[in-house]
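The structure under discussion appears below in the form of structure tokens.
The values are calculated or read from the model by the stated rules, or taken from the named source; none is laboratory data. Everything numeric here is computed off the predicted structure, so don't read it as measured data. Cβ sites come from the backbone with ideal geometry, for glycine too, and all protein chains shown count toward neighbours. Calculation scope for accessible area: heavy atoms of the full protein, side chains included, ligands and nucleic acids excluded. Shrake-Rupley method; radii C 1.70, N 1.55, O 1.52, S 1.80 Å.
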Amino acid sequence: MNVLLIGSGGREHALALALVKNPATTKLFVAPGNPGTAQVATNIVLDVADAQAVIGFCHVQHVDFVVIGPEQPLVDGLVDALDAAGIKAFGPSKAAARLEGSKGFTKDLCAKYNIPTGAYQKFAEKDAALAYAREKGAPIVVKADGLAAGKGVTVAMTLSEAEQAIEDLFGGAFGAAGAECVIEEFLDGEEASFFALCDGDKALAFASAQDHKRVGEGDTGPNTGGMGAYSPAPVVTDAIAQRVMDEIVNPTVAAMKAEGCPFKGVLFAGLMIGKDGPKLIEFNTRFGDPECQVMLARLDDDLLDLLLACAEGRLPERVNLSPKTALTVVMAAQGYPGTPKKGGSISGIAEAEAAGARIIHAGTKSVGETLVANGGRVLNVVALADSVGEARDRAYRAVDALKFPDGFCRRDIGWRALKR
Ligand code: AMP
Ligand code: GLY
């Protein structure tokens, strides 16, 4: 079977490594991929925003299955176009991807189907939004409705921050994504991520994970795409996981089916676990990056079989994951999450892997024989061990074996789990 994987990050390198393990994968193409995926697959240049170009490539190369990593092609309807062309794909339709693409859609769905989340209201007009924020007071959360590359959310601890966020949003800071906004109750608790595979009809719990969104140690500084993660997340006990499935994931899958847009793919629930149990912060309709890297490090089943089962509406009864903890430290380029310094040389990968970790590529580039940084998040150092502490020690031993003078990482990945 020929497979096309779309994306270029650490998530896609991890997906590629897992997809090629299945002997049924005859050929794996990655568009555009990175130097990591190039080691196990064929990187190709393809405009993935152009559905007809993707379909044309699939026909010429006899691609049987397309796996889509990032959210934008999903929200743009690539799965619908592939489906219409008779090409199987892993991921939700455009209508189902609204769970990620429109925060207002998700909040309305939660309200209609009684799915636990923060109280909210939607606004298309600045003055009404300002009046609501003033009425509710701080802390309060202001969100652009659409995709804003992770920058559309302001957790305002003061009313003036909330007012500024509303001004920015309606002033066009997020373009069309900010034409509408959601103002939401501030939720208190510990954040965690929960992933379920869905086939339109049913959901199968996959794994929990915890990300580290802020750039600085102790969860300080600006938000990033994620500076490190581990799986499982100890805060998601078996009892919490069961509640997440019963109260959030299964009702959402049933609701999407009832609304005529069944959800297929991976449902990523961003949760706040507070004193009343889990509440939904947001959904994403794809694997998280770097959460995917740690979850796949624990996966004992075959990934291609699971993804095909989602696409074909035949989810298995269970999924087998190692009880060990996988932890990843993200190596980023100086400047990230602002403008990252590109071109910094990277070496020591073999030494880092000899220290017991797997090095996953994200924003890297090969220039002749040298590997250089080519993006914000550059490498993931992934370690698997019996405990969070051991996984952390192993990951940092590998980090210390890497030579990337223009890079940096957080030194405290795993702190919440270790504090328990
Ligand atoms: P998002 O970009 O939607 O993942 O949101 C970014 C971050 O904002 C989340 O990871 C949370 O830390 C925080 N956040 C979003 N909504 C809320 C909320 N209602 N209460 C508290 N924190 C929130
Ligand atoms: N690491 C968070 C995300 O992928 O959205």
Would you please name the residue that is nearest to V388 (Cα to Cα), looking only at residues in region 202-260 that are basic (K, R) and not in a strand (DSSP E or B)?
K213
Return yes when Q210 is among the polar types (S, T, N, Q) and closer than 16 Å to I273 by Cα and no when it is not.
yes
In region 139-160, which residues are more than 10 Å from ligand 1 (Cβ to nearest atom) and surrounded by fewer than 17 Cβ atoms within 10 Å (Cβ to Cβ)?
M157, T158, L159, S160
Got a number for residues in region 186-201 being more than 10 Å from ligand 1 (Cβ to nearest atom) and over 21 Å from G389 (Cβ atoms)?
8
Of all residues in region 387-418, which are touching a strand residue (DSSP E or B) at 6+ places or on another chain (Cβ under 8 Å) and hydrophobic (A, V, I, L, M, F, W, C)?
V388, A391, A395, A398, V399, L402, F404, F408, C409, I413, A417
Going by what's in this entry, would K136 be described as within 15 Å of ligand 1 (Cβ to nearest atom) and either open to solvent by 70 Å² or more (accessible area, probe 1.4 Å) or of a type in the set (A, V, I, L, M) (or both)?
yes
Is it true that some residue in region 87-96 is open to solvent by less than 70 Å² (accessible area, probe 1.4 Å) and among the polar types (S, T, N, Q)?
yes
Which of (1) touching a Leu at 6+ places or on another chain (Cβ under 6 Å); (2) open to solvent by less than 10 Å² (accessible area, probe 1.4 Å); (3) more than 11 Å from ligand 2 (Cβ to nearest atom) does T285 not meet, given it meets every other one?
(3)
Which count do you get for residues in region 200-241 that are touching a helix residue (DSSP H, G or I) at 6+ places or on another chain (Cβ under 8 Å) and of a type in the set (A, V, I, L, M)?
8
Is it true that some residue in region 199-219 is within 16 Å of ligand 2 (Cβ to nearest atom), surrounded by fewer than 21 Cβ atoms within 10 Å (Cβ to Cβ) and either more than 24 Å from the chain's Cα centre (by Cα) or within 30 Å of L307 (Cβ to Cβ) (or both)?
yes
Within region 1-17, can you find the residues that are part of a loop (DSSP other than H, G, I, E, B) and over 19 Å from N380 (Cα atoms)?
M1
Please count how many residues of region 220-259 are within 15 Å of ligand 1 (Cβ to nearest atom) and open to solvent by less than 30 Å² (accessible area, probe 1.4 Å).
8
Just one listed residue, out of L296, L280, L267, is within 16 Å of ligand 2 (Cβ to nearest atom), modelled with pLDDT of 95 or more, in contact with a Pro (Cβ under 8 Å, 6 or more places away or on another chain) and not in a loop (DSSP other than H, G, I, E, B), and it is L280
